[in-house]
Amino acid sequence: MWPGWCNAAHAKAYGRIRLITGDITALKVEAIVNAANESLLGGGGVDGAIHRAAGPGLLAECRRLGGCPTGQARTTRGHALSAAWVIHTVGPIWRGGGCAEAQLLADAYRNALIEALKVGAASLAFPAISTGAYGYPKEEAARVAVHTIRDFLAEHDMPQQLVLACFSEESAQAHERALHELLPEWKSCGDAKV
Ligand code: ADP
C-alpha cells in the first residue's frame, strides 16, 4: 500500500455526500428513503412524517406493494412531496447485535441505493435508518450507513448527490464522526441545516 491509495479508492465518493440536520420531507432531492416497517402501511417517526407530507396517495400505492421484508427496499412515487420518488426500506430492530443487525442494516442501505439507480435518481436523501423506534445504537448505525454508502458510491456514478438527513444534533455528530473515520477525505460544508 502506498500513500494516497485510500484517496484513490474513495475519490468517487467523498465529494458527493452532504450531511444536514433537519426534516427529510423538506429536501429538494429526486428521491428520499423512508425507514419503513415490513407492512409498508405507515408508522411513526420518519415514516409518519413522510406519509403526512406525501398525502393519502402514498398509502394507497403502498397498499398495493404487499409489504417488504427487512433489509429489502421498494419504490413508490413521491405524491405531494417535492421528491419524485420514495424508496421504502426496512431496517432491523436492534436485538443486542447478535441477530445479523449490521448485515441487515447494510442491506437496507444498499438495496435502497440500488432502487435509486433503477429509477435514475440523481440525488437521494437517507434518514438514520433503525435509530429511532427500532433502537439501533446511533454510533454503530452511522458507521454501517457511511461504510455502505461510501463503497456503493465508489462503484457507481449515480446518485450524484447523497444527503444524510439527520433529525437531531446527536445523530448528525455520530454521522460526522463516522465520515471522518471511514472517509477521511470528506469535508463538512459548514453547519448545513434545513
Ligand atoms: P426506525 O423504526 O427505523 O428506527 P424511526 O422513524 O423511528 O425509524 O427513526 C429513524 C430516524 O429518523 C431517527 O433517527 C429519527 O430521529 C429520524 N427522524 C424522525 N423524523 C424524521 C424526519 N422528519 N426527517 C428525518 N429524520 C427523521
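What follows draws every value from the coordinates through simple rules; no lab data is involved. Just so it is clear, the structure is predicted and the values come from calculations on it, not from any experiment. A quick note on method: Cβ atoms are made from the backbone with ideal geometry, for glycine too, and the neighbour counts reach across all protein chains shown.
Laid out as a table, the results:
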| item | result |
| --- | --- |
| Residue in the stretch 63-86 that is out of contact with any strand residue (DSSP E or B) (no Cβ under 7 Å at 6 or more places or on another chain) and of a type in the set (Phe, Trp, Tyr) present | no |
| Near pairs, Cβ below 8 angstrom, 6+ apart or cross-chain, from the stretch 42-58 (of a type in the set (Val, Ile, Thr)) to any residue that is within 6 Å of the ligand (Cβ to nearest atom) and outside any helix (DSSP H, G or I) | 46/35; 46/127; 46/132; 46/167 |
| Residue match in the stretch 106-126 (condition: of a type outside the set (S, T, N, Q), exposed (fewer than 15 other Cβ atoms within 10 Å of the Cβ) and closer than 21 Å to residue 20 by Cβ) | yes |
| Any hit, the stretch 48-68, residues being among the small types (Gly, Ala, Ser) and under 17 Å from residue 166 (Cα atoms) | yes |
| Scope the stretch 94-144; condition in a helix (DSSP H, G or I) and in contact with a helix residue (DSSP H, G or I) (Cβ under 6 Å, 6 or more places away or on another chain); matching residues | 102, 105, 106, 109, 110, 113, 138, 139, 142, 143, 144 |
| Residue under evaluation residue 22, criteria (1) touching a strand residue (DSSP E or B) at 6+ places or on another chain (Cβ under 8 Å); (2) buried (at least 20 other Cβ atoms within 10 Å of the Cβ), criterion not met | (2) |
| Of all residues in the stretch 16-44 being of a type in the set (Gly, Ala, Ser) and in contact with a Pro (Cβ under 8 Å, 6 or more places away or on another chain), the one that is farthest from the ligand (Cβ to nearest atom) | 31 |
| Filter result for residue 149 (buried (at least 22 other Cβ atoms within 10 Å of the Cβ), closer than 15 Å to residue 105 by Cα and more than 10 Å from the ligand (Cβ to nearest atom)) | yes |
| Flag for residue 96 being over 18 Å from residue 69 (Cβ atoms) and either without any contact (Cβ under 8 Å) to a residue 40 or more places away in the chain or touching a strand residue (DSSP E or B) at 6+ places or on another chain (Cβ under 6 Å) (or both) | yes |
| The listed residue being part of a loop (DSSP other than H, G, I, E, B) and surrounded by fewer than 21 Cβ atoms within 10 Å (Cβ to Cβ), out of 48, 57, 67 | 67 |
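A quick yes/no check of all residues on (1) within 16 Å of the ligand (Cβ to nearest atom); (2) within 20 Å of residue 72 (Cβ to Cβ):
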| position | (1), (2) |
| --- | --- |
| 106 | yes, yes |
| 115 | no, yes |
| 121 | no, yes |
| 128 | yes, yes |
| 132 | yes, yes |
| 138 | yes, no |
| 163 | yes, no |
| 170 | yes, no |
| 180 | no, no |
